[in-house]
Ligand code: ZN
Ligand code: ZN
């Protein structure tokens, strides 16, 4: 465990910079039970910061797995009315949210994939009407990680459990820019400045499409929607409340056109989805849709993602991250998207972020779709950056600009 001081800094990062509740605002925290000490610090930080009321939804990985093992699918997939009422109530109150994530990439290994699929489908369907609230940044939201020993052991298999746990704490704090004796607020201000600089350059070019290529076999052309916006670093709600959604974050990202993605992409880091791990996979796109998908293992999990709905076969996000970044330089494979996506260029199968197109927050799903913004119950990020990645940006008048050379930004 880190010192009490560092843990307090981490809570400050999660609440003050992460979610940043307004005076009197309602904050919902979801957290694993083992993080209770940290959660208490977060709640205190939130009240000190002016939050009106903090409500905590507790989760427990062991019980989640037990439920999959012991409870019938029919019962498990039921979405009770009170769960929806709770979401509606929080939206009426204009809530903000902090998700404390404790990854366990192989939590559901060995569980019938159909059971997982059925349960998750019902849950996604029931909550889809409320997805707009965070996807449009109407209320502030943020995600931070909290370690557990199973995850630690997966990341550092050669260390004993306690050592691995210490080590993963170090890695989380280091990549989140929480340093002993340094002010986390200042660290993040500087970091945000650098990400805004890259976004500005890319926005000024307003590329029509990006061409990705590397020696692994990726050769992919991704059209960007007209009026796309590159975002990165802190974001704003419609009433200008600033927040940092992903902690850590290194990415600048925008909206691909779901009608115009062509070629092949090879993943470069394992993808953890619903408790299963896919080591490596290749997707082939034609006219914006995946027409071929091949995984080295857990093929049925990849098929499950793609079969969720029509939008899961296309892309909602394209993100650029230099290969030479703190998370990537740490050399650690976290088996968790929150970290690994920040070590590598990535794409997301599924829904787009409406904030990545001019006026997107005010468009209906149909209007957005007509402009090329993808719609889906899913948003699954996968990593495909490599140290030899080349990215060429092609402008509307046909100019070719080198954006990435040998894995890194060169603009
Ligand atoms: Zn992203
Ligand atoms: Zn994403």
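Can you confirm whether residue 324 is closer than 30 Å to residue 191 by Cβ and away from ligand 1 (no atom under 16 Å from the Cβ)?
On the way: closer than 30 Å to residue 191 by Cβ: yes; away from ligand 1 (no atom under 16 Å from the Cβ): yes.
Yes; evaluated as a whole, the condition is true for this residue.
Filtering 360, 372 for residues that are more than 16 Å from ligand 2 (Cβ to nearest atom), farther than 19 Å from residue 302 by Cα and buried (at least 22 other Cβ atoms within 10 Å of the Cβ) leaves a single hit, 372. When you check residue 208 against the structure, is it touching a strand residue (DSSP E or B) at 6+ places or on another chain (Cβ under 6 Å) and either surrounded by 20 or more Cβ atoms within 10 Å (Cβ to Cβ) or touching a residue at least 40 places away in the same chain (Cβ under 8 Å) (or both), yes or no? Against the criterion (touching a strand residue (DSSP E or B) at 6+ places or on another chain (Cβ under 6 Å) and either surrounded by 20 or more Cβ atoms within 10 Å (Cβ to Cβ) or touching a residue at least 40 places away in the same chain (Cβ under 8 Å) (or both)), residue 208 qualifies.
In the stretch 232-250, the residue that is farthest from ligand 2 (Cβ to nearest atom) out of those that are closer than 19 Å to residue 202 by Cβ and in a strand (DSSP E or B) is 236. Selection of the stretch 308-327 for residues being under 16 Å from the mean Cα position of the chain (by Cα) and modelled with pLDDT under 95 yields 321, 327.
Where helices (runs of 4 or more DSSP H) sit wholly within the stretch 61-164, those with at least 1 residues that are in contact with a strand residue (DSSP E or B) (Cβ under 8 Å, 6 or more places away or on another chain) occupy 61-70, 81-92, 113-127, 132-135. Can you name the residue in the stretch 329-354 that is more than 17 Å from residue 210 (Cβ to Cβ) and free of Cβ contacts under 8 Å to residues at least 40 places away in the same chain and is also farthest from ligand 1 (Cβ to nearest atom) among such residues? Among those residues, the one meeting the criterion is 331. Residue 350 fulfils the conditions (1) buried (at least 20 other Cβ atoms within 10 Å of the Cβ); (2) within 24 Å of residue 372 (Cβ to Cβ); (3) over 14 Å from the mean Cα position of the chain (by Cα) except for a single criterion, (3).
Every residue, every condition in (1) more than 16 Å from ligand 1 (Cβ to nearest atom); (2) at pLDDT below 95, yes or no:
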site: 158; (1), (2): yes, no
site: 169; (1), (2): yes, no
site: 182; (1), (2): yes, yes
site: 202; (1), (2): no, no
site: 207; (1), (2): yes, no
site: 214; (1), (2): yes, no
site: 244; (1), (2): no, no
site: 260; (1), (2): yes, no
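Evaluated against (1) in a loop (DSSP other than H, G, I, E, B); (2) away from ligand 2 (no atom under 16 Å from the Cβ); (3) at pLDDT 95 or above, residue 352 falls short on exactly one condition, (2). Applying the condition of being in contact with a strand residue (DSSP E or B) (Cβ under 6 Å, 6 or more places away or on another chain) and surrounded by fewer than 17 Cβ atoms within 10 Å (Cβ to Cβ) to the stretch 211-231 and asking which residue is farthest from residue 368 (Cα to Cα) yields 217.
Tell me, which strands (runs of 3 or more DSSP E) lie completely within the stretch 251-314 with 3 or more residues that are surrounded by fewer than 20 Cβ atoms within 10 Å (Cβ to Cβ)? First the steps, then the outcome.
Values: elements: 252-254, 256-266, 271-273, 276-278, 281-286, 289-295.
Passing ranges, in order: 256-266, 281-286, 289-295.
For the condition assigned to a loop (DSSP other than H, G, I, E, B), farther than 26 Å from residue 101 by Cβ and touching a strand residue (DSSP E or B) at 6+ places or on another chain (Cβ under 8 Å), what is the one hit in 372, 398, 385, 393? Break it down stepwise before answering.
Values: 398 fails: touching a strand residue (DSSP E or B) at 6+ places or on another chain (Cβ under 8 Å); 385 fails: farther than 26 Å from residue 101 by Cβ; 393 fails: assigned to a loop (DSSP other than H, G, I, E, B).
None of the other options fit; the residue is 372.
Against the criterion of being within 29 Å of residue 100 (Cα to Cα), away from ligand 2 (no atom under 16 Å from the Cβ), under 15 Å from the mean Cα position of the chain (by Cα) and not assigned by TED's automatic domain parsing to the domain that holds residue 127, residue 335 qualifies.
As a summary of the residue check, residue 380 satisfies the conditions (1) out of contact with any helix residue (DSSP H, G or I) (no Cβ under 6 Å at 6 or more places or on another chain); (2) buried (at least 18 other Cβ atoms within 10 Å of the Cβ) except for the one numbered (1).
The values are calculated or read from the model by the stated rules, or taken from the named source; none is laboratory data. Nothing here was measured: the structure is a model prediction, and the numbers come from that model. Note that we place each Cβ from the backbone using ideal geometry, even for glycine, and neighbour counts take in every protein chain shown.
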